[in-house]
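What follows is one structure encoded as structure tokens, with my remarks underneath.
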There are 2 protein chains.
Amino acid sequence: MPQSASAAAPSSRARIRRLPERAHYDASTVAAIVDAAMICTVAFQIDGVVHAIPTIHWREGDHLYIHGAKASRMLKALTAGEACVTIALADGLVLARSAMHHSMNYRSVVIYGRFELVTDPAHKLGSLRAFIEGFYPGRWDTLRPISDKELNATGLLRIALAEASAKVRDWGVKDDAEDLDWPVWAGVIPLRTATGEPLTEADSVGERVPATRFG
Amino acid sequence: MPQSASAAAPSSRARIRRLPERAHYDASTVAAIVDAAMICTVAFQIDGVVHAIPTIHWREGDHLYIHGAKASRMLKALTAGEACVTIALADGLVLARSAMHHSMNYRSVVIYGRFELVTDPAHKLGSLRAFIEGFYPGRWDTLRPISDKELNATGLLRIALAEASAKVRDWGVKDDAEDLDWPVWAGVIPLRTATGEPLTEADSVGERVPATRFG
């Protein structure tokens, strides 16, 4: 868990206005939250209309990567203008003695900038491998190898994590002092993503369920 | 789970372009996904810059509600222009025999429109009650009652679910026919949000942990 908010905001638009005591601008806090999440929301404009679309992401070094069909409207718009990428993880329900102080523990990241298209085939191949390996360590080499046609049809985009902010709440209940003896339970109920029983395809030849990042 | 995509897109900007076989525009599918999620991302512009901010939401009837400090930049911007609200729930990891056909099962919603400020105190009170009760059935009446000052300081906004689309993937692996005998496990690993052991505040007088919508 981040302990300090010592790094400064990288830009005016990335500076957190509300509850700045929850703000973090250091690269390691941002990277850890990006890695902990699977889905981000990518916001952008087309002809003045704001769109925000959820998509799977992964991280390599100082960049967040997304992929999609090359012909998609989103991928075209993202190389033509600025974007804002949002990640939010719900970590706990915070139950106070007053409605006002109910809250959530969470980790979130907001990234501003412009996506760049990755076109080099070796870079694309390496990134898609990192994507699969990040979800399922050791799986890439067990798969039917990717074809040049598939690689070519995949649009790959990345955005620098340079202009990013993180916001973290990871503490207990903050009630008003005069409410502390109110006779209702106060505390935090943790939340996490859990995996269920794997559903093997009827025609699956492989029998060993792979490990995932969720254990 | 939704069985048909019979309803038409409510507008051009809300029409799903990619993978339209996953699109649903009926109100009941949209409402069910809004209800199943806790956090949405609200995207909007300020002076041409797109921002996207995660926040807690709840639903009442045909509207999605959010709240925040009255003075917040977001709440001001949202009553001045159009917004796009996004919800995404990760339901499963889809593991195919080829990298290309790996996917996720998910439910997502995208809502376009303009938020309206709710100012009537009785409406605000009723909505905040519905918010708390939606998370923790029966809790509102056990809390220290909300004060007029707290109610007044809370900004409440709602957006109609009229111009919304849902996108759902809830099926198994779709590999290429020639890959079906590739010797690697293929199937779906379900994902869900789970609660952990409640962490009671040291000074909590109440002892009974409340029920949550997560059971």
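Throughout, read-outs are computed from the coordinates displayed, never taken from laboratory work. All values derive from a computational prediction rather than experimental measurement. Cβ coordinates were reconstructed from backbone atoms using ideal geometry, including for glycine residues, and neighbour counts include every protein chain displayed.
Between 0 and 90 degrees, rounded to the nearest ten: what's the tilt of helix B:27-36 against the longest Cα principal axis of chain B?
Roughly 70 degrees between the two axes.
Where nothing but the Cβ of Lys and Arg (+1) and of Asp and Glu (-1) is charged, how large is the charge dipole of chain B around its Cα centre, in debye to the nearest 20?
Value, rounded to 20: 520 debye.
If one computes the Cα centroid of the range A:159-178 and of the range B:180-215, what distance in Å separates the two points?
After rounding, the separation between the Cα centres reads 22 Å.
Relative to the first principal axis of the alpha-carbon coordinates of chain A, what is the inclination of helix A:121-135, with its axis defined by its Cα atoms, in degrees from 0 to 90 and to the nearest 10?
For helix A:121-135, the angle is close to 50 degrees.
Using modelled backbone amide H atoms (1.01 Å from N, in-plane), which distant-in-sequence or interchain residues come within less than 5 Å of A:Gly92's amide H?
A:Asn105, A:Leu191
From the backbone phi of the range B:46-52, what are the Karplus-calculated ³J(HN,Hα) couplings (6.51 cos²θ - 1.76 cosθ + 1.60, θ = phi - 60°) in whole Hz, Gly and Pro given as x?
Each residue's phi maps through the Karplus curve to give 10, 6, x, 8, 7, 10, 9 Hz.
Can you work out the base-10 log of I(q)/I(0) for the protein assembly as shown at q = 0.08, 0.14 1/Å, using the Debye formula on its C-alpha atoms alone?
-0.46, -1.43
Check the straight Cα-Cα distances from A:Lys70 and name the lysines below 30 Å, setting aside those fewer than 8 residues away within the same chain.
Straight-distance partners of A:Lys70: A:Lys124, A:Lys149, B:Lys167, B:Lys174.
Convert each backbone phi in the range A:173-179 into a coupling constant with the Karplus relation 6.51 cos²θ - 1.76 cosθ + 1.60 (shift: θ = phi - 60°), then list the ³J(HN,Hα) values in order as whole Hz, x for Gly and Pro.
The phi angles translate into 7, 10, 8, 5, 4, 6, 9 Hz.
Could you check how many percent of all C-alpha pairs in the range B:20-165 are farther apart than 17 Å? Each step should come with its number before you reach the end.
Numbers: 6876 of 10585 pairs.
Everything past 17 Å amounts to 65 percent.
Residue-wise, which Karplus ³J(HN,Hα) couplings in Hz belong to the range A:68-82, taking 6.51 cos²θ - 1.76 cosθ + 1.60, θ = phi - 60°, and x for glycine or proline?
x, 5, 4, 7, 5, 4, 5, 4, 5, 5, 6, 8, 9, x, 6
Taking the Cβ of B:Ala177 as the centre, find all other residues whose Cβ is under 14 Å away and add up their charges (Lys, Arg: +1; Asp, Glu: -1).
-4
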